Amino acid sequence: MRVLAAMSGGVDSAVAAARAAAAGHDVTGVHLALSRNPQSYRTGARGCCSREDSHDARRAADVIGIPFYVWDMAEEFHADVVDDFLAEYAAGRTPNPCLRCNEKIKFAAVLDRALALGFDAVVTGHYARLGADGLLRRAVDLGKDQSYVLGVLTPEQVRHSMFPLGDTLKSDVRAEAQERGLMVADKPDSHDICFIADGDTRGFLRRHLGESPGDIVDGTTGEVLGRHDGAYAFTVGQRKGLQLGRPAPDGKPRYVLSITPVSNTVTVGPAEALDVRTVVGERPVQLAAIDGPIEAQVQMRAHGEATDAVIELAGGRLTASLRQPARGIAPGQAIVVYRPDPGGDIVLGSATIVNAE
């Protein structure tokens, strides 16, 4: 097959490209330039879009012996990821920009362009598996599993994707990179949000959304406990940084329970008030059939644990009735549905959380 390898400059994407080439595919490497202003790229290894990454990707392509190009996706990235990130926080929700980047950039804009150019599939270094049945599954390395952030993909996008690392432990990927002579073998994993160069999310939001003072109120009594400079700086389940100045009457910590942009209010309360048993998501995507109420598992945070639930899909909404209460479920995050399977839990679909109670 003629495949396009998305090469971020890290060890995972480099080994994925090398494996695709070794398997006999006709591989072309591409690095995505996502910043409108290259000078705004961070340096070092805090994120996946540092200045060094494009150079590392090119060197890896040279070692593998494949053609390499840089695609300018800055405008698409800014509109679909950065602007979306700001709009979601302004609306009182908590977005996942990496998930949105997968959905809108790596597996929409890039895949569309790749197919138009005659490529058959896109290869990435994500840790997930595609079974012989074509279904998306969790990776063997559960500590690195990225099926959650891929759960937003459509069946057509999955059909044109390849994940060569899904059956491999991360430690073995690094060892393989060393054996192949890829100079990124010891490069640290990326983390943080790539378009926030200093890692200060709150400062980034303040610069773009401005200060918007409002009240922090007690969810039980309605008492005003303090003030904030912008409700966007908070997320459901947050404990630190509330700066209330006085403890709760029982001495227990308070947590953010909800954010109401209309009144610019942040509501706080005890941990047990975070418990939810029903989660509702909109804009559902099905990767496998969800017929009637089914027993399944759901994951509601990128690094969260799976929770048993009964799933119903009707009227353009996905409803999960949790067998055990969950805490800190924030609107704007994805709920991804899994069916347990000995060959790797199967991703049935996903939706964007709009309500949890």
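The values are calculated or read from the model by the stated rules, or taken from the named source; none is laboratory data. Note that the structure is predicted; figures quoted are calculated from it, not measured. All Cβ positions, glycine included, derive from the backbone under ideal geometry; neighbour counts span all protein chains shown.
Listed values, structure above:
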read-out	value
Residue that is on the phi < 0 side of the Ramachandran plot, touching a residue at least 60 places away in the same chain (Cβ under 8 Å) and touching a His at 6+ places or on another chain (Cβ under 8 Å), where the choices are L115, L86, L111, L99	L86
Which listed residue, of G245, G219, G230, is within 31 Å of the chain's Cα centre (by Cα) and more than 11 Å from T267 (Cα to Cα)	G230
Selection count where residues are outside any loop (DSSP other than H, G, I, E, B) and charged (D, E, K, R), scope the range 278-303	3
Given (1) crowded, with 21+ Cβ neighbours inside 10 Å; (2) more than 14 Å from G344 (Cβ to Cβ), number of the condition E179 does not satisfy	(1)
All positions within the range 253-300 that are modelled with pLDDT of 95 or more, among the acidic types (D, E) and within 26 Å of E103 (Cβ to Cβ)	E282
Any chance R100 is among the charged types (D, E, K, R) and under 16 Å from the mean Cα position of the chain (by Cα)	yes
Criterion: touching a residue at least 12 places away in the same chain (Cβ under 8 Å) and under 23 Å from T352 (Cβ atoms) - qualifying residue of V173, V217, V149, V184	V149
The range 261-287 - residue that is among the hydroxyl-bearing types (S, T, Y) and over 24 Å from the mean Cα position of the chain (by Cα) and, of those, surrounded by the fewest Cβ atoms within 10 Å (Cβ to Cβ)	S263
Matching residues in the range 57-97 - criterion: being of a type in the set (D, E) and under 23 Å from the mean Cα position of the chain (by Cα)	D72, E75, E76, D80, D83, D84, E88
The range 194-234, subset surrounded by fewer than 18 Cβ atoms within 10 Å (Cβ to Cβ) and β-branched (V, I, T), residue nearest to L32 (Cα to Cα)	T201
Residue within the range 340-347 that is surrounded by 22 or more Cβ atoms within 10 Å (Cβ to Cβ) and at positive phi present	yes
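Conditions (1) crowded, with 23+ Cβ neighbours inside 10 Å; (2) out of contact with any Ser or Thr (no Cβ under 9 Å at 6 or more places or on another chain); (3) β-branched (V, I, T), marked per residue:
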position	(1), (2), (3)
F77	yes, no, no
R100	no, yes, no
F107	yes, no, no
D120	no, yes, no
H126	yes, no, no
L136	yes, no, no
V152	yes, no, yes
L169	no, yes, no
